[in-house]
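Just below is one structure, and these are the notes that go with it.
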Amino acid sequence: MGPAVTAETFPIEHTSIHGHDVAYRRGGAGPVLLLLHGIAGSSETWLPAMELLRRDYDVLAPDFLGHGRSAKPLGDYSLGNQASGMRDFLHVMGIERATVIGQSFGGGVAMQFAYQFPERTERLALISSGGLGRSVSVLLRAATLPGSELLLPLLAGRHVLNGGRAVGRALGRAGVQLGNDAVEIARGHASLGDPESRAAFVHTLRASLDVGGQRVQALDRLYLAEELPLLILWGARDRIIPPGHGRRAHHLVSGSRFELFEAAGHFPHLDEPERFVATLEDWIATTQPGRSDDSRFRAAFRRHAA
């Protein structure tokens, strides 16, 4: 079981970036860990891990634009633009560098952040990450189809959501406990109750997925990750993004570390928060922060081109 922690432990704070409200949670003191959530998620997913990590770290978990309590403007919801938004967020927070930890869609943003802003990246941790292969859940692929935005209001309608909550309560009374994957998917579904959230969700999906799966992948430039510490962590029971994506990335990046949580699904930081934090802390303690060096990057480009 994870630590007893509620949203009030790390209350939502707000800042403004380019005129848009950005919500975030923060706690602790020490080296900075930037925690990036998945699609239709929010900073709330990190609460159990944040409670443990704040003993030794400054933990910072923003809600991406289009997600959670942050603004949901019309605009660019691509991985690259979200990564730029995280760079600007760190600027506003007065933070020069951070260890960047991303789960699912947040992993794709984390990789893009490290690629665009290596000088601001100390380490990179990918948790059940997107952007490492084509395969992805059929439900996410279906949501990219033309007209899906017309169906979402029906699926996220009040009566459907209330019915889903009632089913969940009935299962709980019967002793059937829903796993964290089901709970988080339901929470994400419930977050799509207003038109702005639904529009942001569809635009985010279509920026990196199509009906065939993930369109945006980092495999062709993943060799650059050899220039900084890389942790790849996956749940063996992940039904949204296959663990094989993580294994392949690990084999492609010399010096990377791969951890498979046998009992976890797509949210290993929720399924096993103590083990997740212990793994993260051990990885941080046994690695040195990466340093941006143009000459090393040029050498890596040349080696790969040879």
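The values are calculated or read from the model by the stated rules, or taken from the named source; none is laboratory data. Here the structure is a predicted model, which means the values were calculated and not measured. A quick note on method: Cβ atoms are made from the backbone with ideal geometry, for glycine too, and the neighbour counts reach across all protein chains shown. Heavy atoms of the whole protein, side chains included, go into the accessibility calculation; ligands, DNA and RNA do not. Shrake-Rupley method; radii C 1.70, N 1.55, O 1.52, S 1.80 Å.
Using only the alpha carbon atoms of region 74-143, find the Kirkwood hydrodynamic radius as the inverse mean reciprocal pair distance, in angstroms to one decimal.
On the way: mean 1/r = 0.0785 Å⁻¹.
One decimal place: 12.7 Å for the Kirkwood radius.
Find the all-direction average of the projected area of the Cα convex hull for region 37-80, expressing the result in square nanometres with one decimal place. The partial results should precede the final answer.
Details: hull surface 14.4 nm².
Value for region 37-80: 3.6 nm².
Indicate the gyration tensor shape class of the chain (rounded, prolate or oblate), computed on the Cα atoms with a ≥ b ≥ c the square roots of the eigenvalues: a/c under 1.5 is rounded; otherwise a/b larger than b/c is prolate and the rest oblate.
Working: a/c = 1.44, a/b = 1.35, b/c = 1.07.
Rounded is the answer for the chain, as its axis ratio a/c remains below 1.5.
Please report how far the C-alpha centroid of region 27-104 lies from that of region 243-274, rounded to the nearest whole angstrom.
When both Cα centres are located, 20 Å separates them.
Arrange the peptides 180-193, 238-251 so that the one whose residues have, on average, the most other Cβ atoms within 10 Å appears first. Can you show the working numbers first?
Working: 180-193: 17.8, 238-251: 19.4.
Put in order of decreasing packing, that is 238-251, 180-193.
With charges only on Cβ, +1 for K and R and -1 for D and E, what is the dipole size of the chain about its Cα centre, in debye, rounded to 20? Each step should come with its number before you reach the end.
Working: 32 positive and 32 negative charges, 139 e Å.
It works out to roughly 660 debye.
Could you give the accessible area per residue of the chain, probe 1.4 Å, as a whole number in Å²? Can you show the working numbers first?
On the way: 13770 Å² over 306 residues.
In whole numbers, the chain has 45 Å² accessible per residue.
Could you tell me which of rounded, prolate or oblate describes region 237-306, using a ≥ b ≥ c as the square roots of the eigenvalues of the alpha-carbon gyration tensor, with rounded for a/c under 1.5 and, failing that, prolate when a/b is larger than b/c and oblate otherwise? Display every interim value, and only then the final one.
On the way: a/c = 3.48, a/b = 1.68, b/c = 2.08.
Oblate shape, in that a/c is at least 1.5 and b/c is the bigger or equal ratio.
Can you tell me which of 217-226, 98-107 comes out highest on packing, and rank the rest after it, using the mean Cβ neighbours within 10 Å? Walk me through the numbers before you get to the answer.
Numbers: 217-226: 17.1, 98-107: 28.0.
Packing proxy ranking, top to bottom: 98-107, 217-226.
With both partners inside region 1-77, how many of the DSSP beta bridges are antiparallel, as a percent to the nearest 5? All intermediate terms of the calculation are to be shown ahead of the outcome.
Working: 9 of 12 bridges.
The antiparallel proportion sits near 75 percent.
If we count every other residue with Cβ under 11 angstrom of G27's Cβ, Lys/Arg +1 and Asp/Glu -1, where does the sum land?
On the way: positive: R25, R26, R54, R55; negative: E13, E51, D58.
For residues surrounding G27, the net value is +1.
Just need the relative contact order of the chain here, percent rounded to a whole number, with Cα pairs under 8 Å and 6+ apart. Spell out each step's value before the answer.
Details: 566 pairs, mean separation 59.4, N = 306.
Relative contact order of the chain: 19 percent.
Just the number, please: percent antiparallel of the DSSP beta bridges in the chain, rounded to the nearest 5. Let's see the in-between values first.
Numbers: 11 of 33 bridges.
Roughly 35 percent of the beta bridges in the chain run antiparallel, per DSSP.
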